[in-house]
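Student: Before we start, here is the structure in question, set down as structure tokens.
The values are calculated or read from the model by the stated rules, or taken from the named source; none is laboratory data. Since this is a predicted model, take the numbers as computed values, not measurements. Cβ: placed from backbone, ideal geometry, glycine included. Neighbour counts: every protein chain shown.
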Amino acid sequence: MTLVGIASLLSVGSIFDARGGASEGRLPFFTVIGCDEPVEVGGTFHPVVHSTSNAKTFHFLFHIDAHGEGTGLVSGAKYIWNDTIIDRFKGGAGATIQRSYGNLRVRSTDPALSDLRVNLNVQFVVSATGELVVEKFEFTSVCE
């Protein structure tokens with residue numbers, strides 16, 4: 001469903017320059033399964049990557065803000081969408097923590113059609129011995 005959209009955002013090639021910085025770009029078209037109909041969307045994205053480390057710990061942040069428009073494949077209605085994806089990795093001699101958040105909102109300009117809101121929250125914590133001690137996966141999809 002909308003995980004296809006999230007995967008498309010993450011798989012867009014050439015979004016980082018040789019220094020590991022970020023660049024803006026045009027998102028390819030992909031289809032989101034909306035509340036009332038499939039919606040073909042495209043738009044722009046802005047990724048940001050930040051990392052720090054020292055002898056004991058590391059921290060890595062990957063953040064994308066994406067915005068665009070879409071067209072309902074049944075009604076032809078126009079849609080506006082916004083998406084935020086955040087991945088954080090933090091670790092060192094102790095536990096390693098990975099947290100991912102994704103929020104997608106697809107709003108119809110036609111008041112007769114429903115809006116879609118999707119939230120994704122994933123967390124993994126691995127102990128210093130390599131044991132997975134926390135595993136959390138929450139996915140909600142709401143028509144409003």
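Student: Can residue 21 be described as crowded, with 16+ Cβ neighbours inside 10 Å, out of contact with any His (no Cβ under 9 Å at 6 or more places or on another chain) and modelled with pLDDT under 90?
Tutor: Values: crowded, with 16+ Cβ neighbours inside 10 Å: no; out of contact with any His (no Cβ under 9 Å at 6 or more places or on another chain): yes; modelled with pLDDT under 90: yes.
So residue 21 does not fit the description; no.
Student: Being part of a loop (DSSP other than H, G, I, E, B), of a type outside the set (A, V, I, L, M) and in contact (Cβ under 8 Å) with a residue 60 or more places away in the chain is the filter here, so list the residues in the range 106-125 that pass it. Give the steps one after another, and end with the answer.
Tutor: Within the range 106-125, the first condition is being part of a loop (DSSP other than H, G, I, E, B), and the residues that meet it are 109-115.
Checking the rest, the ones that are also of a type outside the set (A, V, I, L, M) come to 109-111, 114-115.
114, 115 - these are the residues of the range 106-125 that are part of a loop (DSSP other than H, G, I, E, B), of a type outside the set (A, V, I, L, M) and in contact (Cβ under 8 Å) with a residue 60 or more places away in the chain.
Student: Kindly indicate whether residue 88 is within 14 Å of residue 41 (Cβ to Cβ) and either modelled with pLDDT of 95 or more or under 18 Å from the mean Cα position of the chain (by Cα) (or both). Please lay out each step first, then the result.
Tutor: On the way: within 14 Å of residue 41 (Cβ to Cβ): no; either modelled with pLDDT of 95 or more or under 18 Å from the mean Cα position of the chain (by Cα) (or both): yes.
No, not satisfied.
Student: Give me the pairs: first residue in the range 93-105 and over 10 Å from residue 120 (Cα atoms), second residue assigned to a strand (DSSP E or B) and hydrophobic (A, V, I, L, M, F, W, C), beta-carbon distance under 6 Å, and six or more apart or on different chains, which are they?
Tutor: 95/125; 96/126; 97/125; 98/89; 98/124
Student: Which of the residues spanning the range 72-81 are in contact (Cβ under 8 Å) with a residue 24 or more places away in the chain and either assigned to a loop (DSSP other than H, G, I, E, B) or not aliphatic (A, V, I, L, M) (or both)?
Tutor: Within the range 72-81, the first condition is being in contact (Cβ under 8 Å) with a residue 24 or more places away in the chain, and the residues that meet it are 72-75, 77-81.
Residues satisfying the conditions are 72, 73, 74, 75, 77, 78, 79, 81.
Student: For the range 44-59, what are the residues that are surrounded by fewer than 12 Cβ atoms within 10 Å (Cβ to Cβ) and over 30 Å from residue 30 (Cβ atoms)?
Tutor: Passing the criteria: 52, 53, 54, 55, 56.
Student: Taking the condition of being part of a loop (DSSP other than H, G, I, E, B) and at pLDDT 90 or above, how many residues in the range 24-49 meet it?
Tutor: Filtering the range 24-49 for residues part of a loop (DSSP other than H, G, I, E, B) gives 24, 34-37.
Applying the additional criterion that residues be at pLDDT 90 or above yields 35-37.
The number of residues fulfilling the criteria is 3.
Student: Just wondering, is there one or more residues in the range 50-70 that are closer than 29 Å to residue 39 by Cβ, at pLDDT 90 or above and β-branched (Val, Ile, Thr)?
Tutor: Within the range 50-70, not a single residue is closer than 29 Å to residue 39 by Cβ, at pLDDT 90 or above and β-branched (Val, Ile, Thr).
Student: Among the residues of the range 71-85, what is the count of those that are at pLDDT 90 or above and touching a Lys or Arg at 6+ places or on another chain (Cβ under 7 Å)? Spell out how you get there, then give the answer.
Tutor: Quick first cut of the range 71-85, residues at pLDDT 90 or above only: 71-80.
Of the ones still in play, those that are also touching a Lys or Arg at 6+ places or on another chain (Cβ under 7 Å) are 71, 79-80.
The total comes to 3.
Student: Please indicate, with yes or no, whether at least one residue in the range 52-71 is out of contact with any helix residue (DSSP H, G or I) (no Cβ under 9 Å at 6 or more places or on another chain), assigned to a strand (DSSP E or B), without any contact (Cβ under 8 Å) to a residue 12 or more places away in the chain and not basic (Lys, Arg).
Tutor: Within the range 52-71 (the criterion being out of contact with any helix residue (DSSP H, G or I) (no Cβ under 9 Å at 6 or more places or on another chain), assigned to a strand (DSSP E or B), without any contact (Cβ under 8 Å) to a residue 12 or more places away in the chain and not basic (Lys, Arg)), the answer is yes, since at least one residue qualifies.
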